[in-house]
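The values are calculated or read from the model by the stated rules, or taken from the named source; none is laboratory data. Fair warning: this is a prediction, and the values are worked out from it, not measured in the lab. Virtual Cβ from ideal backbone geometry, glycine too; neighbours counted across all protein chains shown.
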Amino acid sequence: MTETSPNTGTIDLPPTPESEQASAPKTRAKPTPYKTGSWAHLFSGEHRTVVVVLASGVGLYAMNLYFIASLMPSIVAEIGGAHLYAWASTAYLITAVIATLIVGRLLGTIGAGRSYTLALALFTFGTAASALAPTMELFVTGRAVQGLGAGALTGLGYAVIRTTLPAELWTRSTGLISGMFGVGTLIGPAIGGLSAQLGFWRSALWLLCAVSLVLILVSLKALGFAAPERIAQPPLPLLSMLLLTAVAALLSFASTSTGIAVPLLLAASVLALVTFFWLDRRTPHGVLPRATYQRGNSLKWIYLTVAALCAGVTVENFIPLYTQQLAGVTPLIAGIIGAVLSVGWTSAQLISVNYSGVTADRIVRFAPWLLSVALIAYGALQTAGVGTGMVVLWAILLIVAGAGVGLAFPHLSSAAMRSSADPIEGVKASAAMSTTQLIAFTLTSAIAGNLMTLGNGVPVAEARWVILGVAGLSLIALFAAPLATRAATQDSSKSS
C-alpha cells in the first residue's frame, strides 16, 4: 500500500492485515442533528448558554423600560413628582446611550465576561436605588444608574454576536436578540401592571435585582473571565457623546418649562443635534462607524430606518397611562394593552427571519407602512369613556404596528453587521445598532414629553398629540427603507 506525501512523493507502507482493517475506526464525520444556520443550530449545546446570556441581557433592558412605564402612575401617586414623569424614562435612556458608545472599549479592555458582570452590577445597584427612593428626584437618579448597566447590556448583546457565533447564525441571533425587546415588553408591562394593582411597586424592583444577580452567575459560566484579545482602541468621542446627551436633556427640560424658554430650548436641541452629526462626520473615531457617512454606503439608511421604527415603539411608554385614563381599566389590564405592540413585534420577527434576498428587501420596504398606518389609526381613535370593543380595537392596531417593526428589524441588523470586514468597525457597526435604537428611544421620549404639554392636561388631547406626533416620526421609515434596501443590494453586487 502506498501513501502520497506533499513533500516527498510516494511512501511505501507495509500491508495492513484484514483483521486490523476490519477493526480500524471509521473516520467519517458524524452528521449534525440540525441544519447549519437553523434555530436548532443556534440553540445547540455549543452555542446555547452564550445565546441565553446575550438574549437575557437585552430582554432585561427592554423589560425594565416598559415595566417602569406600567408602574409610573403608582410611583407618582406615592412619591409625587408628576412634572418629572418623562424624565423617568429619559434619564434611563440618556445614560443607556452613553453606555452603548463604550461597549467596544469594554470588550477590548476587560473582555466579554467581565463586561457583562460590570453591566449587570450597575443595573442591580441602580434598581436598588430606585426601589429605596423617597422622592422622584432620587428615583430618576437611580434610573440613570440603571441606564448605564442596561445600555451596556443591549450594546454587548449585538457586539458579542460577531465574536462568539458563526456568520450563518447572525440573522437568526439578531432576530432573537432584537425579539427580546418584544419579549421584555410583553413581560414588563404585565408584571408591572400586576405589581401596581397590588401596591407592590418597590417589591417588584427588588425582584428585578434578584434576576440581575442570577444573570451575573450565568454570564460568568458562559463567557468566563478570559482576558480579551488586545486590540488598539480609538479615543472616545467625548464631545459627540456630550452633544447627544445635551439634545435629550434640552428636549426634556423644554417639556417642563413655560413661556419663551420652551422655543429657546427646542431650538438649542436642534442646533446640538445638527452639530453632533457635523462633528461626528469629521471625527476619525466618532459615535457612528465611518461607513455611515460614506457616499453610497447603506449604513446611513439602515440606521435611519431603525431609528424611525424605534421612534414608533416609544408610544409603549404612554399606553398604560392613557389606557387607564380613557378606558378606566385596572393597572393590570392597562399593562397588558401596553404589551400587545410587542406581541406583534416578536411574532412577526420570528416569521421574517426565515426569508432572505429579494423577499427580505420587499419585507423591509413594506414593514414601515404597517407601523405608520396602524399608529395613525390608533391615535385617531383616542376618545374618553370607551368600552371593551374600542379597547380590543386599540389592541389589534397595536399588534399590527408592532408587526411593522418586527418584520424589518432582523434584516436591518444583519445588514449592519455585514457592512465591514474590519474587526473594530464591524463591532462598532454592530453596537451602533443598539446605539441607534437608544438614541431614537431617548429623543422620541423627550419629544413626547413636549407633545404631552400641548394637551394642557386633558387626557384625550395629550394622547392624540403624543401618539400622532410619534406616528409622524415613524413616517421617515417610509422613505428610508427603500433607500436602505437599494443601497444594500448595490453594495452586495459590488462585493460579488
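Quick grid of which residues meet (1) at pLDDT below 85; (2) of a type in the set (Gly, Ala, Ser):
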{"position": "225", "(1), (2)": "yes, no"}
{"position": "237", "(1), (2)": "yes, no"}
{"position": "244", "(1), (2)": "yes, no"}
{"position": "269", "(1), (2)": "no, yes"}
{"position": "278", "(1), (2)": "no, no"}
{"position": "296", "(1), (2)": "yes, yes"}
Looking at region 275-319 only, could you name the residues that are within 21 Å of residue 469 (Cα to Cα) and of a type in the set (A, V, I, L, M, F, W, C)? 304, 306, 307, 308, 309, 310, 311, 313, 315, 318, 319
Selection status of residue 119, assigned to a helix (DSSP H, G or I), within 17 Å of the chain's Cα centre (by Cα) and modelled with pLDDT of 85 or more: yes
In the set 110, 75, 98, the lone residue that is aliphatic (A, V, I, L, M) and either under 25 Å from residue 191 (Cβ atoms) or in a loop (DSSP other than H, G, I, E, B) (or both) is 75
Selected residue (criterion: modelled with the highest pLDDT) from residues of region 431-470 that are hydroxyl-bearing (Ser, Thr, Tyr) and surrounded by 24 or more Cβ atoms within 10 Å (Cβ to Cβ): 444
Members of region 357-369 found to be among the hydroxyl-bearing types (Ser, Thr, Tyr) and surrounded by 13 or more Cβ atoms within 10 Å (Cβ to Cβ), listed by number: none
If residue 76 satisfies every condition in (1) at pLDDT 85 or above; (2) within 29 Å of residue 254 (Cα to Cα); (3) crowded, with 21+ Cβ neighbours inside 10 Å but one, which is the exception? (3)
Per-region count, region 38-63, residues touching a Lys or Arg at 6+ places or on another chain (Cβ under 9 Å), more than 13 Å from residue 164 (Cα to Cα) and buried (at least 19 other Cβ atoms within 10 Å of the Cβ): 1
Output the residue which, of all residues in region 186-219 that are assigned to a helix (DSSP H, G or I), more than 23 Å from the chain's Cα centre (by Cα) and of a type in the set (Gly, Ala, Ser), is surrounded by the most Cβ atoms within 10 Å (Cβ to Cβ). 196
Out of the residues in region 480-490 meeting the condition of being closer than 20 Å to residue 374 by Cβ and in contact with a Leu (Cβ under 9 Å, 6 or more places away or on another chain), tell me which one is surrounded by the most Cβ atoms within 10 Å (Cβ to Cβ). 481
If I go through region 130-167 residue by residue, how many of them are at pLDDT 90 or above, over 17 Å from residue 60 (Cα atoms) and either of a type outside the set (Phe, Trp, Tyr) or surrounded by fewer than 18 Cβ atoms within 10 Å (Cβ to Cβ) (or both)? 9
Does residue 287 count as hydrophobic (A, V, I, L, M, F, W, C), surrounded by 16 or more Cβ atoms within 10 Å (Cβ to Cβ) and outside any helix (DSSP H, G or I)? yes
